[in-house]
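A short worksheet on the structure shown next.
The values are calculated or read from the model by the stated rules, or taken from the named source; none is laboratory data. Keep in mind the model is a prediction, meaning the values are calculated, not measured. For neighbour counting, all protein chains shown are included, and Cβ atoms are generated from backbone atoms with ideal geometry for every residue, glycine included.
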Amino acid sequence: MKRKPAAAAEQLSVFEELAALPEPIHEPASDTMRQIVSLRMPDALLVRVEQVARGRGVSPSSLMRALIAAGLDRSYAAITPDELTAELASLRKGIDEIATRLRTSE
């Protein structure tokens, strides 16, 4: 047994309430992800990334984005040889001071 088609006005009446609703505005998030990048890494490194991400309560992708951004912010490519030498000298001085304190506390 076939149903009789409803009149056009009757078919549209069920959608009248929906037509009264305003159209939602779809705005992209301020930090919309626009690109997926495939990154190959050794299994052991991936395990470390996953462990650290789990420990911080974030996804591995979020952790990798943060680490990349931090690395770019502190890029050694932008440091001159003189700045690098000064930084290494400062680190060496700090290590020597710690070693001296450890020897005197024995």
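Below, the figures for the structure above:
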| item | result |
| --- | --- |
| Number of the condition not met by VAL58 [criteria: (1) exposed (fewer than 12 other Cβ atoms within 10 Å of the Cβ); (2) not in a helix (DSSP H, G or I)] | (1) |
| Candidates VAL52, VAL47, filtered to the one that is modelled with pLDDT of 85 or more and touching a Leu at 6+ places or on another chain (Cβ under 8 Å) | VAL52 |
| Unique residue being modelled with pLDDT under 75 and part of a helix (DSSP H, G or I) when the list is GLU17, GLU27 | GLU17 |
